[in-house]
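The values are calculated or read from the model by the stated rules, or taken from the named source; none is laboratory data. Because the structure is a prediction, the values reported are computed rather than measured. Heads up, the Cβs are rebuilt from the backbone with ideal geometry, glycines too, and the neighbour counts pull from every protein chain shown. Heads up: the accessible areas ignore ligands, DNA and RNA and are worked out on the full protein's heavy atoms, side chains in. Shrake-Rupley method; radii C 1.70, N 1.55, O 1.52, S 1.80 Å.
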Amino acid sequence: MAKSVSQDAISTILANPSPDSSSYIPEIVVQVLDLKLTGNRYTFNASDGKMKLRAIFPSNMSSEIITGSVQNKGLVRILDYTLNDIPNKSEKYLIVTKCEVVSPALETEIKAEVETEEHDTVLKKPKLEYEARYEAKADVSGIILKPKQEIVSKSAAQIVHEQRTNMAPSSRMAMTRRVHPLVSLNPYQGNWMIKVRLTSKGNMRTYKNARGEGCVFNVELTDEDGTQIQATMFNEAARKFYEKFQLGKVYYISRGTLKVANKQFKTVQNDYEMTLNENSVVEEASNEETFIPETKFNFVPIDQLGPYVNGRELVDIIGVVQSVNPVSNIKRRIDNENIPKRDLIVADETKKTVVVSLWNELANNVGQELFDNADKSPIVAIKSLKVGDFQGVSLSTLGKSSVMINPDIPEAKKLRSWYDSEGKGSSMASIGLGLSPSSKTGARSMYTDRVSLMHITSNPSLGDEKPAFFSIKAFVSLIRPEQAMWYRACKTCNKKVTEAVGSGYWCEGCQKNDEECNLRYIMVSKISDTRGEAWVSAFNEEAEKIVGCSADELDKLKSEQGDIDGYQQKLKEATWVPHLFKVSVTQNEYNNEKRQRITVKAVAPINFAEESRFLLEEIKKMRNPQ
């Protein structure tokens, strides 16, 4: 293949700014010049040797640029594109939606060859086929015959008008303007139209702020390539489109606006989010061929779920089913409705397991299929899971979650091969154990992400978007004896109970009365290291390891024996003892002011042999920083 650009490639693009996807697009090979990262997209100058045009690569090409497949001064073949105007400028911007690599970097920039006649530069212009044919038939007098034009009975405008009049509204919209893939959209684009399936629809919500009251709802849209985008509608637009949008249907949408997505609230993998107003056009694509979007996964290995705990970001996982529990019913507190739930344990190549809770229809339908085939160890790929902190790390499905059993994807085949050859006989450990010490070895995991307290307290933005996890070696320097250190808890579910009328304790979660309850710690203490100090919260299991006894035992020492001095002495004995802590850092808002909240996730005594090895490794890193 010749390593050269297509002749007049840029002129071809400028002459056909928005080609119909069904029409023939001539071969367009351009040279990539001035390739650079702008924001989160790669931009470049597309050159055919004569002209240059500013252009932007699609986001799915970023990996090929990073790996070096696409290089500066290399050649690419443009298979599909859109040409946009740059606001307030006369320039054009080429949005490449599909392309392929032709050649890596060339030695020099390609420049057009020119022929000079009497010092004047003349660029040869290619002749159309019919012009060349009729010029060959010209007589010696030099007269050039022109082709005879065919006479049509109707004008093109009349034909198009009649075609559009007889079409369904959605078909007319498809013919009027080219359908754009979601990956090509950006805030600087002019007119566009998308064809998408509604894959998630939120509830209508009301809000109240300084500008008044209003309503809002969100939807998630997916195109044929599997690219997703979140769209939001407020007030009039929300009321106009809420009933029109039906889950699972396909729509043509135009006249919306885009902006950079707010990372704190975005629910799909897209750099932009869409807003539809009352002037936006939404038309159902009925009576025509629809599509099922390709499900795109962004799998997170099970051993890397820790940083997502209690965060807003949802995760996708793939794993081998180890066990499936029967379905159970959980009573929802707000309306006492029974919600079906089914837990399953999955494992992956990291040899870690995690509990996944399937809710509602997924618990009954997909969950029952997994329950019936659990002995065959099926592969499951699950999209859009919420990561919680139950048992250290746990996963739960949402309304938008989807589950695929034994999917036909490369990741599933690779996992199946690993499990059949090695994984089936391997010992698996719960990922939750990675956040708490083992009973035998102290806490090997406590030596990852070791920082000082000053590192946390001097960075007030830590934990702003999602919880941050660190390991700390510190002393408990103060436990205030006057604080409310425990609460009365249900023996079944550990939730807070209240004194029942007459006798016993009432549990709202279990909806039952019990004669007895447990006391569980909810303790605040100050910890200190060589560089600073901080207040931390510790719950029952962690607090028991710090104090050295259960909350029931400490309460008995304080109240029944009336030994206040003994109670205070017990707390004093717990101070100035070194511990290894695993903590999470989050942001809480109090009186319109954000504050750090540091929560103890695990506590372990210091294993001096392990600590010595850790310090030796740190010294080695200091001597050899590379």
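Structure above, values below:
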item	result
Pairs with Cβ under 6 Å, 6+ apart, first in the stretch 189-215 and charged (D, E, K, R), second open to solvent by less than 100 Å² (accessible area, probe 1.4 Å) and at pLDDT 80 or above	Lys195/Val179; Lys195/Tyr252; Arg197/Thr222; Arg197/Val250; Lys201/Val219; Lys201/Phe245; Arg205/Val216
Given (1) surrounded by fewer than 16 Cβ atoms within 10 Å (Cβ to Cβ); (2) touching a residue at least 40 places away in the same chain (Cβ under 8 Å), number of the condition Val76 does not satisfy	(1)
Hits in the stretch 238-282 - residues which are among the charged types (D, E, K, R) and either without any contact (Cβ under 8 Å) to a residue 60 or more places away in the chain or open to solvent by 90 Å² or more (accessible area, probe 1.4 Å) (or both)	Arg239, Lys240, Glu243, Lys244, Lys249, Arg255, Lys259, Lys263, Lys266, Glu273, Glu278
Failed condition for Phe297, given (1) at positive phi; (2) not assigned by the TED database to the domain that holds Ser377	(1)
Total residues in the stretch 201-229, condition farther than 16 Å from Gly256 by Cα and surrounded by fewer than 20 Cβ atoms within 10 Å (Cβ to Cβ)	18
First in the stretch 45-67 and under 21 Å from Asn84 (Cα atoms) and open to solvent by 20 Å² or more (accessible area, probe 1.4 Å), second anywhere and assigned to a helix (DSSP H, G or I) and of a type in the set (Val, Ile, Thr), Cβ under 8 Å, 6 or more apart	Lys50/Ile10; Met51/Ile10; Lys52/Ile10; Ser59/Val183; Asn60/Val183
Count - residues of the stretch 43-88 that are part of a strand (DSSP E or B) and either farther than 14 Å from Leu33 by Cβ or in the same structural domain as Gly190 (by the TED database) (or both)	9
Residue that is at pLDDT 80 or above and of a type outside the set (S, T, N, Q), where the choices are Ile13, Ile25	Ile13
Extreme residue, nearest to Met485 (Cα to Cα), among residues of the stretch 496-528 that are touching a residue at least 24 places away in the same chain (Cβ under 8 Å) and part of a loop (DSSP other than H, G, I, E, B)	Cys517
Condition met for Ile479 (touching a Ser or Thr at 6+ places or on another chain (Cβ under 8 Å) and within 17 Å of Asp555 (Cα to Cα))	yes
Residues (open to solvent by 50 Å² or more (accessible area, probe 1.4 Å) and touching an Asp or Glu at 6+ places or on another chain (Cβ under 9 Å)) located in the stretch 456-477	Thr457, Glu465, Lys466, Lys473, Phe475
Answer residue from the stretch 339-381, given it is among the basic types (Lys, Arg) and out of contact with any Asp or Glu (no Cβ under 9 Å at 6 or more places or on another chain) and is surrounded by the most Cβ atoms within 10 Å (Cβ to Cβ) among those	Arg342
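Table: residues versus (1) outside any loop (DSSP other than H, G, I, E, B); (2) open to solvent by 40 Å² or more (accessible area, probe 1.4 Å); (3) farther than 12 Å from Ile382 by Cβ; (4) of a type in the set (Phe, Trp, Tyr).
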residue: Phe297; (1), (2), (3), (4): no, yes, no, yes
residue: Asp303; (1), (2), (3), (4): yes, yes, yes, no
residue: Pro307; (1), (2), (3), (4): yes, yes, yes, no
residue: Asn310; (1), (2), (3), (4): no, yes, yes, no
residue: Glu313; (1), (2), (3), (4): no, yes, yes, no
residue: Gly319; (1), (2), (3), (4): yes, no, no, no
residue: Gln322; (1), (2), (3), (4): yes, yes, yes, no
residue: Pro326; (1), (2), (3), (4): no, yes, yes, no
residue: Asn329; (1), (2), (3), (4): yes, yes, yes, no
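Listed here are the residues, each with its yes/no results for (1) outside the structural domain of Ile479 (by the TED database); (2) open to solvent by less than 90 Å² (accessible area, probe 1.4 Å); (3) in a helix (DSSP H, G or I); (4) not β-branched (Val, Ile, Thr).
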| site | (1), (2), (3), (4) |
| --- | --- |
| Cys549 | no, yes, no, yes |
| Leu571 | no, yes, yes, yes |
| Asn588 | no, yes, no, yes |
| Lys594 | no, no, no, yes |
| Ile598 | no, yes, no, no |
| Lys601 | no, yes, no, yes |
| Ala609 | no, yes, yes, yes |
